[in-house]
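Peer 1: Pasting in a structure now, in C-alpha cells, and then I'll have a few things to ask.
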Amino acid sequence: MTTPFTGRSLVIATMHGKEKVILPAVEKRLGVRCQVPAGLNTDLFGTFTGEIPRAGNPLETARQKVMAALEKTGASLGIASEGSFGPHPAIPFVAADTELLLLTDRENGLEIAAQEISTDTNYGHKVCYSPEETETFARQVLFPSHALIVYGGSPSRKDLVTRGITDFHQLRHAAAAVLERHGEVIVETDMRAHLNPTRMAVIAKATEALLQKLTSLCPACHWPGFTPKEKIPGLPCGWCGTPTSLPLAVVTRCDKCGYVQENKFPSGATKSDPAFCDQCNP
Ligand SMILES: [Zn+2]
Ligand SMILES: [Zn+2]
C-alpha cells in the first residue's frame, strides 16, 4: 500500500525507550525510515512526577513534542506520544492509563491522533509508615518488574526523592532514609515507559490504533485518516419498527477531497433490541 508517507523519513519524538514498541510497527506499516533524535528532552514539556507541570492538554503537549523534534532534525514527518494517568473517564474509582499518539506531517498539513484508554495499569501511590508496609504496597503494584519512586514531605515539596527503584535492597535503603527523617514515606509507581512494561503494552495498542487510521485511505484520492466520524441514529425497533437512538449508519468523509461514504448497519444488526425503543420500552 502506498500512502503519502511511503519512503519518507519519520522522526519519533520520545525519551524513555518508547520507540521500542512504536518504531518497528510504524516502519513496517507505513514504509518509512524512523529516527529518534539524540538529545531531545521531552521532559521539558512536563513530567509525571510534577517537577515540571504540563502546559496544556495531552494533545497540545504531544504537538509541542513533535514540533520540537521536527525543528531539531529538519524532518517534515513525526510522531509523539503522551500518557496520562488517573480515574477512568467512564468508570469512577478505577485507575486508567490513557496513551495518545499524534502524527504530524508538515509537508501535507496533516495531523492525525489516536488514543488507547486502558484500565490495565499499576498506577498508584501510598503513604507508608514502616518498611514492611512499603514492601507490601510494592508487590501490589508489580514491583520489581515495574519501578517505584520514593520520597518524603508532600507531593509539592518533595524531599529525599529516589526514582527508578527496581530492587528490594534499593527500596529498603531509600525508604529507611525517608522514614528516619519524616516518620512516613510516600511510595509511588514510576510511570516512565521503559520502567513500566504494562504501560509499554498500552503504548503498543495506541500505536496500532494510530496505524489503523493512517492506513485507512480514501477510496477516491487515497488520503489517510478515512475512518468514520459521524453516526446517524435510527436503527428500527425489532418489534414495532420505530426508529431508535442506536446508529442506523456511520458516515466517513475524506478531509482532503470531501468524498463521503455511508455504511448502513455498522453493528451488523438490521433491527434494534426493543429495550432501546421508546414505544415498546418507555
Ligand atoms: Zn479523498
Ligand atoms: Zn418498538
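Peer 1: From the helices alone, meaning DSSP H stretches of at least four residues, give me the mean residue ellipticity at 222 nm for the chain, per-run term -39500 (n - 2.57), in deg cm²/dmol to the nearest 500.
Peer 2: Value at 222 nm, helices only, nearest 500: -8000 deg cm²/dmol.
Peer 1: Can you send over the carbon and sulfur percentage of the accessible area for the chain, probe radius 1.4 Å, protein chains only?
Peer 2: Of all accessible area on the chain, carbon and sulfur atoms account for 53 percent.
Peer 1: Hey, which aspartates and glutamates would be in cross-link range of Lys18, C-alpha to C-alpha under 12 Å, not counting anything within fewer than 8 residues on its own chain?
Peer 2: In chain and number order, the partners are Glu82, Glu99.
Peer 1: Here is a follow-up. Would you mind getting the accessible area per residue of segment 125-190, heavy atoms of the protein chains only, 1.4 Å probe, in Å²?
Peer 2: Averaged over the residues of segment 125-190, the accessible area is 53 Å².
Peer 1: Just to verify a number: what accessible area does Arg63 come out at with the full protein assembly present, 1.4 Å probe, Å² rounded to tens?
Peer 2: For Arg63, the solvent-accessible surface is approximately 80 Å².
Peer 1: Once you have the Cα-Cα distance between Val260 and Val94, take 0.36 nm times their residue separation minus that, and quote the gain in nm to one decimal.
Peer 2: So the extension gain works out to 55.9 nm.
Peer 1: Please compute P(r) over all alpha-carbon pairs of the chain, binned at 10 Å starting from zero, and give each bin as a whole-number percent.
Peer 2: Going out from 0 Å in 10 Å bins, the chain shows 6, 22, 25, 21, 14, 9, 2, 0 percent.
Peer 1: Let me check something: with ligands and nucleic acids excluded, how do Glu208, Glu99, Glu135 order by accessible area (1.4 Å probe), largest to smallest?
Peer 2: Order by accessible area, largest first: Glu208, Glu135, Glu99.
Peer 1: For Lys256, list the lysines whose Cα falls under 21 Å from its own Cα; do not include residues on the same chain fewer than 8 positions away.
Peer 2: Lys213, Lys229, Lys231
Peer 1: How large is ³J(HN,Hα), in whole Hz, for each residue of segment 134-146 in order, when computed from phi with the Karplus curve 6.51 cos²θ - 1.76 cosθ + 1.60 and θ = phi - 60°, using x for Gly and Pro?
Peer 2: Karplus-based 3J(HN,Hα) across segment 134-146 equals 5, 6, 5, 4, 4, 5, 5, 9, 6, 6, x, 6, 10 Hz.
Peer 1: What Cys residues in the chain have no fellow cysteine's beta-carbon under 4.7 angstrom?
Peer 2: When partners are defined as cysteine Cβ atoms under 4.7 Å apart, the chain leaves Cys34, Cys128, Cys240 without one.
Peer 1: Let me ask something else. Running a GNM on the chain with Cα contacts under 10 Å, which residue among Ala175, Ala269, Ala138 ends up with the highest mean-square fluctuation?
Peer 2: Among Ala175, Ala269, Ala138, the largest GNM mean-square fluctuation belongs to Ala269.
The values are calculated or read from the model by the stated rules, or taken from the named source; none is laboratory data. No experiment lies behind these values; they were computed from the predicted model shown. Cβ sites come from the backbone with ideal geometry, for glycine too, and all protein chains shown count toward neighbours. Heads up: the accessible areas ignore ligands, DNA and RNA and are worked out on the full protein's heavy atoms, side chains in. Shrake-Rupley method; radii C 1.70, N 1.55, O 1.52, S 1.80 Å.
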